[in-house]
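The values are calculated or read from the model by the stated rules, or taken from the named source; none is laboratory data. Note that the coordinates shown come from a computational prediction; the quantities given were computed from them, not determined experimentally. No Cβ is skipped: glycine too gets one built from the backbone with ideal geometry, and neighbour counts run over all protein chains shown.
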Amino acid sequence: MMATHSLWSYKLAVWNHDPLVNLLHSDPLTLSPRELSQDEHALLHKAQQWAQSAEVPQGLSAESPQWLFQPDETFRWQHPLNSDAITPLTAGTAHDQQVLAAKLNALLLEKDDKQRALTLWRFLPALAALTSKCSPELAALWPRLPLHRQVPGYNRWAHLDLTSALATAFTLDDEHNPALLTLSFGPVQSFIAAARTSSDLWAGSHLLSSMVWEGLKVIVSYCGPEAVIFPHLRGIPLCDLWLTEQGIDAALFEGEHWWKRQSDANSLFSAALPNKIVALVPHSKAQQLAEQIQQVVRDWVQSTAKECFDQLLSYAGETAGSQHGYQQLEQQLEHFPDISWAVVPFSPLVTEQEGNLNTDELSKALAPASPSDFISTALLQGHGDNRYQPTPATCYPALYRLLDQLGSEAKSLRNFTPHDAHGYRCSLTGESEWLSAATSREAATDELGTAPKKRTNTLWAQAESKGRRYGLKKGEHLGALAMFKRLWPSHFVKQIKKQPAVEIEDLNRFIVSTHTFAIATSLNRLLEKPTQSDVLPADKLEKLVKLAGLIKDSDKGEEKELWSALPAKLAKSLLNSTLTDDQQRHIRQLPIRLDELKADKNDDASLQELEKAIKEQLSAKVETYYALILMDGDNMGAWISGESLSDGTATSACYSRLWPDLAADSPLGQCPHPGSPARHLTISAALNHFSLHLARYVVEELCSGKLLYAGGDDVMAMVSIDDLLQAMLLLRLVYSGDWQGDWPTALNEPAGLTLNNGVATLNGKSYVLMGSKATASMGAVVAHHQAPLGMVLRQLRESEKRAKNHGRNAFSLSVLKRAGGSLDLTSRWHRPDLASDQPDQERYQPMLQLLALRDLFAKEHISRRAVYQLEEKLRNIPPCPVQKSGEGFTRDSYQDLLAQQIGYQLLRQSSASGDPIRKERQEQGEQLTAMVMALYEASTTASQPANRPTPAELALNFLQMAEYLAREGRTEERPTAAPAQPQGIPA
């Protein structure tokens with residue numbers, strides 16, 4: 001076993017062994033201050049062999065990396081998760097070699113071995129992006145650089161990560177035996193869903209992500225960051241911050257999002273880490289690491305929660321001391337979070353035996369399954385041409401499946417320790433007694449038994465009377481977990497401000513309320529008006545100020561004008577508008593003024609007068625609805641394992657596709673590529689790119705929204721209702737990173753963003769994503785801002801579940817009306833009967849059709865009465881026949897009838913006339929009908945509920961949803977309220 005003090009020197013040797021690093025670095029010996037022993041060389045060679053055999057056959061011809069700096073060289077890059085996606089790339093120049101060499105030498109200057117190793121891990125894959133002197137051609141190729149041109153889909157950086165992780169595990173284990181370790185943190189859904197405000201919703205997700213990072217630090221500190229396979233840590237903001245604590249120059253992160261953003265748009269506020277960890281560790285230390293993580297995380301929760309409680313006591317005017325709340329807190333958080341773990345070693349489950357692999361023990365552990373269920377038999381045997389030699393790492397897919405099974409079993413076993421509890425429960429969770437500031441158990445018991453309306457001198461009543469800080473609500477009395485969530489945002493900001501690497505003087509987190517998101521739709525419309533200054537003239541502005549009055553900041557005992565935090569896009573539009581400073585300040589105050597007046601039950605007259613005045617200025621009723629989006633990637637288990645999807649779609653190519661120069665008659669040629677560690681690193685990195693960069697850009701910069709959670713393939717976001725459809729479609733597009741054909745006219749083409757062959761380019765930076773074969777399902781709910789958030793979240797998860805049950809790759813929209821009732825629409829993202837390269841895609845995509853219908857109903861010359869008329873007509877239409885064509889009433893005649901009815905009513909309720917309008921309405925009816933018929937045809941063969949809607953019902957669902965989203969004030973044009981007259985349409 002290697003001494004721990006030389007671990008980082010050994011890691012340097014792994015990186016230094018790469019020909020490209022040797023080519024660029026002027027003094028390779030400085031990467032490893034001592035010569036490797038024979039045993040260490042053997043372990044390094046073994047790690048390279050294992051890493052390569054898990055991904056590609058060995059025996060590749062020697063290749064000099066010098067081709068990278070020869071401008072006449074071209075390279076056909078292959079998407080690692082979709083081998084059909086080929087992108088031609090061009091090599092750099094000799095000048096690029098000099099630039100990169102100078103940058104690499106500067107990065108490694110005057111650092112110790114640990115800092116050098118960490119610097120190489122973090123910045124070598126981004127080396128071309130760190131200097132503006134590098135050519136665009138090489139900058140595009142560098143982060144996607146393959147290990148070998150013959151295997152264009154195997155990323156060099158993933159190979160080096162895996163080699164370093166294996167070498168570390170070999171050297172830290174007495175028997176040179178690596179193991180897979182998985183940990184799962186919970187509870188997840190119940191913890192996040194216990195929310196009364198949007199701040200609670202964000203805090204639950206972010207707090208869980210922060211706990212995961214505290215656990216990850218144990219592995220990262222002992223084995224290095226490359227040991228963590230899930231999630232891939234390169235580029236994670238919290239990991240970057242940890243690197244600066246290890247001595248990495250903070251200036252190197254100057255271009256990172258977290259380094260400069262002052263608001264909570266800063267990526268440090270992103271809940272970017274999932275609740276599941278998979279790492280490659282030494283087997284002899286696996287259990288010790290797991291138990292240490294469990295203890296470290298729980299200790300961190302206890303200490304941090306106590307700091308939050310101290311903060312609350314201080315705010316309420318109490319002196320921290322012997323309050324009973326500390327005992328309650330310790331008791332309630334004793335087993336939080338719930339951390340389960342499992343370990344699977346490579347040996348003795350898989351051993352090498354005369355050039356082949358012995359998997360007898362692995363077969364017993366997997367029974368009734370076998371290794372051949374997860375990896376081709378041909379890959380488990382050696383071949384005489386020396387082109388391929390299996391190693392235990394070849395069995396990674398089967399070992400991972402065993403790990404997943406054991407992890408699920410461990411997760412199902414939970415410890416439960418009953419606690420002695422008295423009195424009333426937490427207002428938010430209802431699962432524990434609320435925290436008391438009494439100094440004895442007896443006094444606390446009496447206080448806890450006080451009826452809610454009589455709690456006038458409790459800690460929570462005192463804190464709430466001080467003002468708005470920490471989001472405390474009147475009458476709320478919270479338990480330990482709820483208190484921790486409620487105070488976590490302010491505590492996190494304080495901790496980040498203490499970091500010397502964060503050179504932001506005024507880092508703030510702004511809470512965007514559901515009411516603000518609702519009214520943001522109206523404010524968007526106001527700012528889109530060409531003559532903004534006429535909308536808020538001075539006399540009306542003065543009237544509104546007098547109506548609303550000044551809001552008292554009781555925390556400081558003085559009158560102060562407060563303002564509401566706005567969605568980032570809206571705030572930017574407001575700043576760039578032609579409105580005066582007074583007008584801008586007034587707009588920011590509208591949501592909070594309305595909230596104050598609504599809270600004052602004795603002043604309904606002022607509220608009504610203010611709402612009337614606002615309506616006059618906005619020329620429309622103030623919007624009261626907002627939307628929540630929940631997205632989840634489809635079939636992630638199949639993507640991770642490399643298995644085919646239920647519809648037969650392959651998630652991985654055969655070796656003959658991944659290695660084009662492989663002999664056609666080789667027994668490896670038709671073997672499907674297994675779920676290797678490098679594949680998992682690639683998937684994790686792609687999900688990081690989506691959640692950290694693309695999802696936030698879509699939700700907060702392209703749309704008026706707030707990203708509440710984005711960890712891997714899971715996204716939760718809050719958006720204004722006018723941007724709902726755009727946000728849903730854009731999230732789906734950037735998840736795959738692919739759009740065929742021209743950008744749809746129904747969407748404004750995003751500036752600085754391109755999608756092509758599974759790669760997104762955003763503001764000049766390229767991000768490899770999941771690829772066109774990857775799909776996602778999405779649920780969305782439109783709700784009134786006063787609807788209980790817990791109820792809205794339940795409906796949101798039901799909506800996502802409907803999308804999943806619809807055959808996946810689908811979306812489901814629900815509108816929860818304030819007066820009761822709901823609208824629902826569930827559909828696939830794409831028409832399944834069309835090829836991906838079908839021209840004129842906009843006519844065939846359900847979401848684009850919905851967008852087009854919404855914009856149609858938003859026009860002033862068409863009445864919403866068309867939908868009401870169609871509701872009666874389409875419900876009475878004959879059932880869809882089974883017979884597709886022939887004599888009698890067939891599906892073809894049914895489709896013609898449906899198209900005629902829709903086109904007729906759309907034209908009949910239109911105030912515009914003429915042949916172009918007649919043709920447009922007719923085509924609208926035909927396109928909608930063709931789409932719903934195709935969706936219906938697909939649903940008859942897919943595993944969908946028996947009560948699936950008929951084509952007429954589905955068409956009506958699209959029309960009703962479009963009409964609702966196009967109502968007054970939600971789009972640029974307002975539909976006329978008066979019914980339109982028929983324009984010469986034959987009976």
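Points to keep in mind about this one:
- Close pairs from region 195-208: first among the aromatic types (Phe, Trp, Tyr), partner buried (at least 23 other Cβ atoms within 10 Å of the Cβ), Cβ under 6 Å, at least 6 apart: Trp202/Leu708
- Flag for Pro660 being over 21 Å from the mean Cα position of the chain (by Cα) and either crowded, with 21+ Cβ neighbours inside 10 Å or at pLDDT 70 or above (or both): no
- Just one of the listed residues (Asp600, Asp553, Asp582, Asp604) is charged (D, E, K, R), modelled with pLDDT of 70 or more and not assigned by TED's automatic domain parsing to the domain that holds Arg967, namely Asp582.
- Qualifying residue in region 871-883 (condition: free of Cβ contacts under 8 Å to residues at least 40 places away in the same chain, part of a helix (DSSP H, G or I) and in the same structural domain as Met933 (by TED's automatic domain parsing)): yes
- Once region 65-120 is narrowed to residues that are in contact (Cβ under 8 Å) with a residue 60 or more places away in the chain, of a type in the set (D, E, K, R) and over 30 Å from Thr649 (Cα atoms), the residue that is surrounded by the fewest Cβ atoms within 10 Å (Cβ to Cβ) is Asp112.
- Top-ranked residue in region 104-115 [being out of contact with any helix residue (DSSP H, G or I) (no Cβ under 6 Å at 6 or more places or on another chain) and not aliphatic (A, V, I, L, M); ranked as modelled with the highest pLDDT]: Gln115
- Filtering region 4-38 to residues that are modelled with pLDDT of 85 or more and over 25 Å from Trp67 (Cα atoms) leaves Leu7, Trp8, Ser9, Tyr10, Lys11.
- Failed item in (1) among the aliphatic types (A, V, I, L, M); (2) crowded, with 20+ Cβ neighbours inside 10 Å; (3) at pLDDT below 90; (4) assigned to a loop (DSSP other than H, G, I, E, B), with Ala421 passing the rest: (2)
- Any chance Val301 is touching a Gly at 6+ places or on another chain (Cβ under 7 Å) and part of a helix (DSSP H, G or I): no
- Boolean, Trp300 is among the aromatic types (Phe, Trp, Tyr), closer than 30 Å to Pro345 by Cβ and more than 18 Å from the chain's Cα centre (by Cα): yes
- Restricted to region 43-59, and to residues there that are under 32 Å from the mean Cα position of the chain (by Cα) and part of a loop (DSSP other than H, G, I, E, B), the residue that is farthest from Tyr655 (Cα to Cα) is Ala54.
- Within region 308-351, tally of residues that are in contact with a Ser or Thr (Cβ under 8 Å, 6 or more places away or on another chain), free of Cβ contacts under 8 Å to residues at least 60 places away in the same chain and within 28 Å of Ile219 (Cα to Cα): 2
- Here region 884-921 is the region considered, the condition is being among the aromatic types (Phe, Trp, Tyr) and in a helix (DSSP H, G or I), and the residue that is farthest from Pro951 (Cα to Cα) is Tyr904.
Each row is one residue, and each column tells you yes or no for (1) of a type outside the set (D, E, K, R); (2) modelled with pLDDT under 85; (3) closer than 18 Å to Arg875 by Cβ.
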{"site": "Glu926", "(1), (2), (3)": "no, yes, no"}
{"site": "Ser939", "(1), (2), (3)": "yes, yes, no"}
{"site": "Leu954", "(1), (2), (3)": "yes, no, yes"}
{"site": "Thr976", "(1), (2), (3)": "yes, yes, no"}
{"site": "Ala980", "(1), (2), (3)": "yes, yes, no"}
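- Counted residues, region 352-396 - those being in contact (Cβ under 8 Å) with a residue 40 or more places away in the chain and under 30 Å from Gln288 (Cα atoms): 9
- Contacts under 8 angstrom Cβ, first residue in region 635-653 being assigned by TED's automatic domain parsing to the domain that holds Ser772, partner surrounded by 20 or more Cβ atoms within 10 Å (Cβ to Cβ) and of a type in the set (A, V, I, L, M), 6 or more apart: Trp639/Leu81; Trp639/Ile683; Trp639/Met770; Trp639/Ala774; Ile640/Ile683; Thr651/Leu81; Ser652/Leu81
- Note on region 470-500: among residues that are under 25 Å from the mean Cα position of the chain (by Cα) and of a type in the set (Phe, Trp, Tyr), the one that is modelled with the lowest pLDDT is Phe492.
- Elements of the type helices (runs of 4 or more DSSP H) sitting completely within region 174-290 and holding at least 1 residues that are β-branched (Val, Ile, Thr) and surrounded by 22 or more Cβ atoms within 10 Å (Cβ to Cβ): these cover 189-193, 198-223.
- Some residue of region 351-366 being assigned to a loop (DSSP other than H, G, I, E, B) and of a type in the set (A, V, I, L, M): no
- Every residue from region 204-259 that is of a type in the set (Lys, Arg) and farther than 14 Å from Trp121 by Cα: Lys217
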